[in-house]
1. Is it true that GLU113 is charged (D, E, K, R), open to solvent by 30 Å² or more (accessible area, probe 1.4 Å) and modelled with pLDDT under 95?
2. Checking GLY120 against (1) surrounded by fewer than 19 Cβ atoms within 10 Å (Cβ to Cβ); (2) free of Cβ contacts under 8 Å to residues at least 60 places away in the same chain, which single condition isn't satisfied?
3. Are any residues in region 130-147 at pLDDT 75 or above, of a type in the set (Asp, Glu) and within 22 Å of ASP160 (Cβ to Cβ), and if so, which ones?
4. Checking the structure you have, find out if any residue of region 90-104 is open to solvent by less than 60 Å² (accessible area, probe 1.4 Å), under 19 Å from GLU16 (Cβ atoms) and touching a residue at least 12 places away in the same chain (Cβ under 8 Å).
5. Read through the list (1) modelled with pLDDT under 95; (2) surrounded by 11 or more Cβ atoms within 10 Å (Cβ to Cβ); (3) not charged (D, E, K, R); (4) not in a loop (DSSP other than H, G, I, E, B), then give the number of the only condition that PRO156 fails.
6. Kindly provide the set of residues from region 123-153 that are surrounded by 11 or more Cβ atoms within 10 Å (Cβ to Cβ) and not in a helix (DSSP H, G or I), ordered by number.
Amino acid sequence: TGLSIQSPDLAGKRLELLREVVPSLRRLAFMVNVGSPGAGAETGEVQAAARMLGLEVDTLEIRRPEDIALVFATLGGGVGALYVLAEPLTTSNGPQIGALALAARLPTMYGNEANVQVGGLMSYAPRFPDLWRRAADYVDKILRGAKAGDLPVEQPTKFDLVINLKTAKALGLDIPPTLLARADEVIE
């Protein structure tokens, strides 16, 4: 029972959105905390979606905050963007990742809005406040006697595209007007 955030399922959509901003993208860095429970599923989806789009993927494996600067130092030439797996380590170190990505001139895609608020370029993710409200409904049902095993797993119904125009400007990127029109939030 519960709610899914569908993060692995959104990998393809995130890469398509990133490609709209960087049409010349050929090589992508993918930052993943290999100790995260969802790492394997999302890694597979990112790699499959990248193949469909004709992208090469350089995987940047991290396990602790100290690894973040180290993986940026290993980036090879030709990397045109960074996709960051959303999980506690990358979210809590969002300002560092954003600053290093900006210094490396890399547009970034995240699976949560928090990293965009602290300097990342964009995110596409379920609307988390909506999921929290729906989780409260589950708690209410269980407290009223429903058996947790009888309640289905629900999928998100609302998703948000967030774009940070300050970061885009710092990277010298022009965000297509059609993408801006689809954004749920634009940070200026």
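1. Spelling it out, GLU113 is indeed charged (D, E, K, R), open to solvent by 30 Å² or more (accessible area, probe 1.4 Å) and modelled with pLDDT under 95.
2. Answer for GLY120: the failing condition is (1).
3. If the condition is that a residue be at pLDDT 75 or above, of a type in the set (Asp, Glu) and within 22 Å of ASP160 (Cβ to Cβ), then ASP137 is the only one that fits.
4. Checked region 90-104: no residue is open to solvent by less than 60 Å² (accessible area, probe 1.4 Å), under 19 Å from GLU16 (Cβ atoms) and touching a residue at least 12 places away in the same chain (Cβ under 8 Å).
5. (4)
6. Those that are surrounded by 11 or more Cβ atoms within 10 Å (Cβ to Cβ) and not in a helix (DSSP H, G or I): SER123, TYR124, ALA125, PRO126, ARG127, ALA146, LEU151.
The values are calculated or read from the model by the stated rules, or taken from the named source; none is laboratory data. In this text the structure is predicted, and so the values were computed from the model without any measurement. All Cβ positions, even for glycine, are placed from backbone atoms using ideal geometry, and neighbour counts span all protein chains on display. Surface accessibility is based on the protein's heavy atoms, side chains included, excluding ligands, DNA and RNA. Shrake-Rupley method; radii C 1.70, N 1.55, O 1.52, S 1.80 Å.
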